[in-house]
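Q: Below is a structure I'd like to ask you about.
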Ligand SMILES: NC(=O)c1ccc[n+]([C@@H]2O[C@H](COP(=O)([O-])OP(=O)(O)OC[C@H]3O[C@@H](n4cnc5c(N)ncnc54)[C@H](O)[C@@H]3O)[C@@H](O)[C@H]2O)c1
């Protein structure tokens, strides 16, 4: 009887040890997605949430961001932060908030992007500068802020959302196309430096969804899409 009791006790200890090994404490990974109050960034965020991630959305448009937070994300696993990705101080503050709330960052999607579709000679220096500030400086600044946090967990993944406009030249995209081409090279530079430290850096060149009809009606029909 005593032997049976000891055997039961030993088996219980063994099972407890096995189940402890089989069920490590649940760690939810964290993705930061910029420009995700709407559009492609919002779709990316929803997919990450479905896959079990916590999400931090950084967007300049506070009004749309708070609507999206109410309508689309009824969960504590999504943090919406007003932030202009072209402003290093705002990005640092936002990234600090993400770390305070979620404790880690595993993924950064540099999605925030803007465009002005105008002929080169009608594009002002201010428009040119703003597009480069958001589309190129933004991913540089956000990566500088997030990569050190990723390295604390020995790695992560960064995705820069580029465009077909960065792969080939076309009309009406002097600043946008140039910013996306530069973003692709920035991606390679970042990958060259961060790849062997455990952070993958990739770019995705998306193809525009606008109906050609709209563009042709608005601008010269000789436009190159
Ligand atoms: N929609 C397309 O067909 C297409 C094609 C190729 C590439 N892209 C790229 O995909 C990305 C997303 O495109 P989208 O169509 O969803 O755009 P969108 O205009 O619908 O959404 C962009 C989001 O970025 C935010 N944003 C703008 N400036 C910001 C800033 N300074 N800081 C933080 N947030 C800012 C906006 O508030 C908005 O919520 C962009 O980088 C765009 O260049 C889109």
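Q: So which residues in region 83-99 are closer than 18 Å to residue 132 by Cβ, assigned to a helix (DSSP H, G or I) and touching a helix residue (DSSP H, G or I) at 6+ places or on another chain (Cβ under 8 Å), if there are any at all?
A: Listed by number, the residues that qualify are 88, 91.
Q: So how many residues does region 107-117 have that are closer than 11 Å to residue 33 by Cα and out of contact with any helix residue (DSSP H, G or I) (no Cβ under 6 Å at 6 or more places or on another chain)?
A: Final tally of qualifying residues: 1.
Q: I would also like to ask the following. Name the residues in region 50-82 that are more than 10 Å from the ligand (Cβ to nearest atom), in a strand (DSSP E or B) and either over 19 Å from residue 92 (Cβ atoms) or without any contact (Cβ under 8 Å) to a residue 40 or more places away in the chain (or both), would you?
A: Hits for region 50-82 are 54, 55, 78, 79.
Q: Further question: Suppose the filter is within 12 Å of the ligand (Cβ to nearest atom), in contact with a strand residue (DSSP E or B) (Cβ under 6 Å, 6 or more places away or on another chain) and assigned to a strand (DSSP E or B); does residue 202 pass it?
A: no
Q: With respect to residue 133, is the statement that it is within 23 Å of residue 170 (Cα to Cα) and under 14 Å from the mean Cα position of the chain (by Cα) true?
A: Answer is no for this residue.
Q: Working only within region 50-76, note down all residues that are in contact with a strand residue (DSSP E or B) (Cβ under 6 Å, 6 or more places away or on another chain) and surrounded by 15 or more Cβ atoms within 10 Å (Cβ to Cβ).
A: 53, 54, 55, 56, 57, 58, 65, 69, listed by residue number.
Q: Can you work out which of the residues in region 172-199 that are more than 16 Å from the ligand (Cβ to nearest atom) and outside any helix (DSSP H, G or I) is surrounded by the most Cβ atoms within 10 Å (Cβ to Cβ)?
A: Applying the filter and picking the extreme gives 199.
Q: Determine whether residue 168 is assigned to a helix (DSSP H, G or I), within 14 Å of the ligand (Cβ to nearest atom) and more than 16 Å from residue 34 (Cα to Cα).
A: Judged against the criteria, residue 168 is not a match.
Q: Let me ask you something else. Within region 112-161, count every residue that is out of contact with any strand residue (DSSP E or B) (no Cβ under 8 Å at 6 or more places or on another chain), assigned to a helix (DSSP H, G or I) and more than 26 Å from residue 199 (Cβ to Cβ).
A: Selection size over region 112-161: 9.
Residues are listed down the side, and each one gets a yes or a no for (1) modelled with pLDDT of 95 or more; (2) touching a helix residue (DSSP H, G or I) at 6+ places or on another chain (Cβ under 6 Å); (3) more than 17 Å from residue 106 (Cα to Cα):
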site	(1), (2), (3)
134	yes, no, yes
137	yes, no, yes
141	yes, yes, no
150	yes, no, no
177	yes, yes, yes
184	yes, yes, yes
200	yes, no, no
208	no, no, yes
213	no, no, yes
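The values are calculated or read from the model by the stated rules, or taken from the named source; none is laboratory data. None of these values were measured; they are calculated from a predicted model. Positions of Cβ are generated from backbone atoms using ideal geometry, with glycine treated the same way; all protein chains shown enter the neighbour counts.
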